[in-house]
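Take a look at the structure set out below.
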Amino acid sequence: MELIKLITIAVMTLITTVGYTQNKTTDYLSMGWGDVATGMPLEWYGSNKAQLVAENVILSQKAIGGWEKNKDYHHPFSEAEKSHYKNNKAEIGATFDNGATITELRFLAKMHSQIQDNQYKKAFEKGLNYIFEAQYENGGWPQFFPVRQGSVAYSGHITYNDDAMVNIMKFLKGISSDNKEYASLQLSANIREEAKKAYDKGIQCFLDTQIIYKGKPAVWCAQHDSVTLAPAKARSYELPSFSGSESVGIVLLLMDIDNPSKEIANSVKGAVKWFENNRIEGIKIETEINKDGGKNRIVVEDKNAPTLWGRFYDLETSTIYFCSRDGIKRNSLADISDNRRNGYSWYTNAPEKVLKKYPEWLAKINLSRNK
């Protein structure tokens, strides 16, 4: 009976897995571009449907090598859209914001792994060159390149916001370390070496931009000045600050470095200490419905609530603050405008990932140093 039970479970698991894969394959139009670009079953990237998507990706690649953000490249393009992309390839600039450019490059790599079409490799190498060109000499990357002027000039800051630079760094590490995701492209030794140099410069940029608080390394701002490396302002409500959110991706990336230098180890330890010292306990965020049916986020006391951290902390006091579009710091979520209170994330639990991983990381580096 036990054998029959095990066989039944195995068969049901197989049926569920196959059904899930089939649904994922057939319903890709209802998925987000990021999931389609990198999360489909590998064999899907050899399908006719995937080749049609690849045509859109190649058509929409800017002359400089990168891509725009928030575009559904897996949806069929109208003739007007095709004409737009064809006639605007020289339009200045592309971006790393919201996963743009890195997502398209990873998609092209998956396409090439299934269909060794040289056009995929050419587009990939062009995008990779864009990454090399966009990097500052100090190792950082702007959100948008070439850098723009005017009201969006902040996109020229070294950008950690939404993991823009972390995504680039993970990608370059994969290129330089012969990750199997990029194996079919057979990139030259020179390209892999350039990726390694760019990655190493990026690591140094993380170390150079880490904010020193009371004489010790703390965390990072969501963006740093491309020249002075100081914490920098972005949009009107995104002021220079300690970032409880964007700093997480940086620390996790540093933790993944084998045999870290003393400087890298101290950087991680300093950030972890800052996270430990700036926990927010005893509250949770809920959404209430107003009399008019609108939604409103509120802070509720709950001694059993999971630990939270603020998105932004004051650089002088290391205390959490909130901000409307007027750029004035306030101490309470309830004190800012409805638009910013309900249209922006002011709390995060992301640092918990760092604290959970830290003991294992610490034991690992202590072991390697005691050998």
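Springs between alpha-carbon pairs under 10 angstrom, Gaussian network model over the chain: which of G202, G343, G39 fluctuates most?
G343
Quick one: divide the alpha-carbon radius of gyration of the range 241-297 by 2.2 N^0.38 Å and tell me what you get. Don't jump to the answer; show the numbers that get you there.
Details: Rg = 17.9 Å, N = 57, 2.2 N^0.38 = 10.2 Å.
Expressed relative to 2.2 N^0.38 Å, the Cα Rg reads 1.75.
Of P76, P231, P146, which is the most mobile in a GNM of the chain whose springs link Cα atoms less than 10 angstrom apart?
P76
Give me the one-decimal nm value for the distance between modelled label points at D200 and E43, 7 Å along each residue's Cα-to-Cβ direction.
4.3
When Lys and Arg each count +1 and Asp and Glu each count -1, what net charge do the other residues less than 14 Å away from E288, Cβ to Cβ, add up to?
On the way: positive: K284, K291, K295, R297, R341; negative: E286, D292, D338.
Taking every other residue near E288 into account, the sum is +2.
Rounded to whole Å and sorted largest first, what semi-axes of the equivalent ellipsoid does the C-alpha gyration tensor of the range 247-371 yield via the square root of 5 times each eigenvalue? The partial results should precede the final answer.
Numbers: eigenvalues 254, 48, 27 Å².
For the range 247-371, the ellipsoid semi-axes come out as 36, 15, 12 Å.
Leaving out ligands and nucleic acids, note down the accessible area per residue over the chain with a 1.4 angstrom probe, in whole Å². It would help to have the intermediate numbers written out before the result.
Working: 19060 Å² over 371 residues.
Each residue of the chain exposes 51 Å² on average to a 1.4 Å probe.
Nearest 20 debye, what's the magnitude of the dipole of the chain about its Cα centre given +1 on Lys and Arg Cβ and -1 on Asp and Glu Cβ?
Details: 47 positive and 44 negative charges, 109 e Å.
In debye, rounded to 20, the chain gives about 520.
Would you tally the net charge around N339, using a Cβ to Cβ cut-off of less than 15 Å, leaving N339 out, and scoring K and R as +1, D and E as -1? Before the final figure, lay out each step's value.
Details: positive: R235, K295, R297, R325, R330, R340, R341; negative: E238, D326, D335, D338.
For residues surrounding N339, the net value is +3.
Which residue fluctuates most in the GNM of the chain (Cα springs below 10 Å): I257, I203, I58?
Ranking I257, I203, I58 by mean-square fluctuation puts I257 first.
Counting only protein heavy atoms, what percent of the accessible surface of the chain is carbon or sulfur at a 1.4 Å probe? Mind showing how you got there, number by number?
Details: 9750 of 19060 Å².
In the chain, the share of accessible area belonging to carbon and sulfur is 51 percent.
Report the net charge of residues surrounding S318, where surrounding means a beta-carbon distance below 15 angstrom and charges are Lys +1, Arg +1, Asp -1, Glu -1. Intermediate values should be presented prior to the final figure.
On the way: positive: K214, K216, K273, R279, R311, K329; negative: E276, D314, E316.
Its environment carries a net charge of +3.
Evaluate the range 63-219: find the radius of gyration of its Cα atoms, find its Kirkwood radius, and give the ratio Rg to Rh. Display every interim value, and only then the final one.
Numbers: Rg = 16.7 Å, Rh = 16.7 Å.
My calculation of the ratio gives 1.00.
Which Cα, out of A234, N179, V219, lies furthest along the positive dipole direction of the chain (beta carbon charges, K/R +1, D/E -1)?
Selected residue: V219.
Kindly report, to the nearest 10 Å², the accessible surface of W33 as traced by a 1.4 Å probe over protein heavy atoms only.
Accessible area, nearest 10 Å²: 20 Å².
The values are calculated or read from the model by the stated rules, or taken from the named source; none is laboratory data. None of the values given here were measured: they were computed from a predicted structure. Ideal geometry is used to build each Cβ from the backbone, glycine not excepted, and the neighbour counts take in all protein chains shown. In case anyone asks, the SASA skips ligands and DNA or RNA and just uses the protein heavy atoms, side chains included. Shrake-Rupley method; radii C 1.70, N 1.55, O 1.52, S 1.80 Å.
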